[in-house]
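Beneath this line is the structure, given in structure tokens, with notes to follow.
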Amino acid sequence: RSSVTARYEMRYRSTTAQEEAALAAATAREADAALYPLQDPTLGSLTMYVLPETSSLLPQGTSVYVGKHRSALLRAGGSLAALQARLREVTQLMSFTASSIAAALSDRVPDGQLGPDARRNLKSSLGYEITFSLLNPDPKSHTVDWDIEGAVNRYVKPVLDKLSLVANFSVDSQILYYAVLGVTPRYDKESSSFLLSAHSLPHVINPVEARLGSSAASLYPVLNFLLYVPERSHSPLYIQDKDGAPVSTNAFHSPRWGGIMVYNVEAPASPQASLPLHVDVDMARVMEVFLAQLRLLFGLSREEVPPEFLLERPGNEGLADWELDHLLWAHTVENIATVSTTLTSLAQLLDKIGNIVIKDDVASEVYQAVASVQSAVTKLSLGNLHAAFQASKEAVTSSERAFFDPSLLHLLYFPDDQKFAIYIPLFLPMAVPILLSLAKIVRETRLRKKEPTKMD
């Protein structure tokens, strides 16, 4: 059984003079930036400002503005009950929704009760490895130059700095030559281009993944982001969706794996142009796609909101502060569920094997996991998000150390029926002559006792 009860603690107060000055800004974006230093910095807390109905701070037709931090602006209107319902709706949007909790508990919920994208999100982990790969299948025709180090520092590093509260990240890159997709695209005469249909996309990943080699020696989940420059004989190459329409980004992503983007190279103006052609990759366009895929993999896709809601874009940081809280809520709940499953499996293993030996250090890890998960649940119920997440990570670490301890390997212990099945064929051939000899000795002893003894 898995259920999560949401309880919100709401407090009402009047705005301060500093907040009034910030709300006098010309635009909602400027007001959000001015209000940020005045807000509660606690993770998981939200501050909502109710504006008069006649306020011009919000654009026409917008009743709710959700900023980049942990605040929202609401236009007052209607009764107090309507305002209360609107506040609760915004709170659920900015904290966690039923779909995000279902995704966090996807391994404990039957498939029929999950949405199509419930298992798209990455599993909670202590660390992740991100690999950017450039695939050049035709180096004789194209010399591709990409400034991946500068792009990572400019576009990816701010996002990972924000996500450092969630996990540790490592980033590397590689260039693979003569690496093909493994699927032959279809030529379209009307557009004079090559097309990859949606049903052929799953067959692209396996041949490419065999060349990557990044996940072979990795302790953590690996996110693969591939930039594919089509060979000259298959250019230009476009990806189609399920309806047959071209995908605007010319990219697709695979759940819990990563994404692939096809980067077409413009044909030379004259057919006599010397080969190979020098290609400078537009890293801004590429990183925009990869960061969008990264958000999808972490479950940070913007859900459908009513038309009167206006959500501010996160900017260079890649995610808003309330989206980071959203991620921490989901990962904390997932960690607690993972620890529960791990300890339950360990208890079932110990029940099946009666003569198993539990060392003191293993028992200590189990006690530590139980104490940490209880602490995480308590802190989560109190709204102390950061402490709850840290306790849940400690619980996961302790439970996995106990579960994967070499002394608890079930292959070291055999049931009684297996012992008989193994040892009887070994000892029975030796036991037969020994038993026959013992029987002969007993028989001779008895006969010797029955014979009368001669006395001189």
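The values are calculated or read from the model by the stated rules, or taken from the named source; none is laboratory data. Remember, predicted model here, so these are calculated numbers, not experimental data. When we count neighbours, we look across all protein chains shown, and the Cβ atoms used for this are built from the backbone with ideal geometry, even at glycine. Each accessible area value is taken on the protein alone, full model and side chains, heavy atoms only, with ligands, DNA and RNA left out. Shrake-Rupley method; radii C 1.70, N 1.55, O 1.52, S 1.80 Å.
At a glance:
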{"quantity": "Residue in the stretch 300-319 that is at pLDDT below 85 and under 15 Å from the mean Cα position of the chain (by Cα) present", "calculated": "yes"}
{"quantity": "Candidate set: the stretch 229-253, residues that are over 16 Å from S197 (Cβ atoms) and open to solvent by less than 50 Å² (accessible area, probe 1.4 Å); chosen: the one nearest to the chain's Cα centre (by Cα)", "calculated": "V229"}
{"quantity": "Single condition N355 does not satisfy, out of (1) part of a helix (DSSP H, G or I); (2) open to solvent by 40 Å² or more (accessible area, probe 1.4 Å); (3) of a type outside the set (A, V, I, L, M, F, W, C); (4) farther than 26 Å from L122 by Cβ", "calculated": "(1)"}
{"quantity": "Residue within the stretch 197-206 that is part of a helix (DSSP H, G or I) and of a type in the set (S, T, Y) present", "calculated": "yes"}
{"quantity": "Residue list for the stretch 364-380, restricted to those being in contact (Cβ under 8 Å) with a residue 24 or more places away in the chain and open to solvent by less than 50 Å² (accessible area, probe 1.4 Å)", "calculated": "E365, V366, A369, S372, V373, A376, L380"}
{"quantity": "Selection count, the stretch 299-328, where residues are open to solvent by 30 Å² or more (accessible area, probe 1.4 Å) and either in a helix (DSSP H, G or I) or out of contact with any Phe, Trp or Tyr (no Cβ under 9 Å at 6 or more places or on another chain) (or both)", "calculated": "12"}
{"quantity": "Selection within the stretch 381-416 - open to solvent by less than 20 Å² (accessible area, probe 1.4 Å), at pLDDT 85 or above and of a type outside the set (V, I, T)", "calculated": "L385, A388, F389, A391, S392, A395, S398, S399, A402"}
{"quantity": "So R7, is it in contact (Cβ under 8 Å) with a residue 40 or more places away in the chain, surrounded by fewer than 16 Cβ atoms within 10 Å (Cβ to Cβ) and assigned to a loop (DSSP other than H, G, I, E, B)", "calculated": "yes"}
{"quantity": "Tally, over the stretch 158-196, of residues that are open to solvent by less than 30 Å² (accessible area, probe 1.4 Å) and hydroxyl-bearing (S, T, Y)", "calculated": "1"}
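Residue-by-condition table, conditions (1) surrounded by 20 or more Cβ atoms within 10 Å (Cβ to Cβ); (2) modelled with pLDDT under 85:
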position: S45; (1), (2): no, no
position: G67; (1), (2): yes, no
position: R70; (1), (2): yes, no
position: L73; (1), (2): yes, no
position: R88; (1), (2): no, no
position: T91; (1), (2): no, no
position: V109; (1), (2): no, yes
position: G115; (1), (2): no, yes
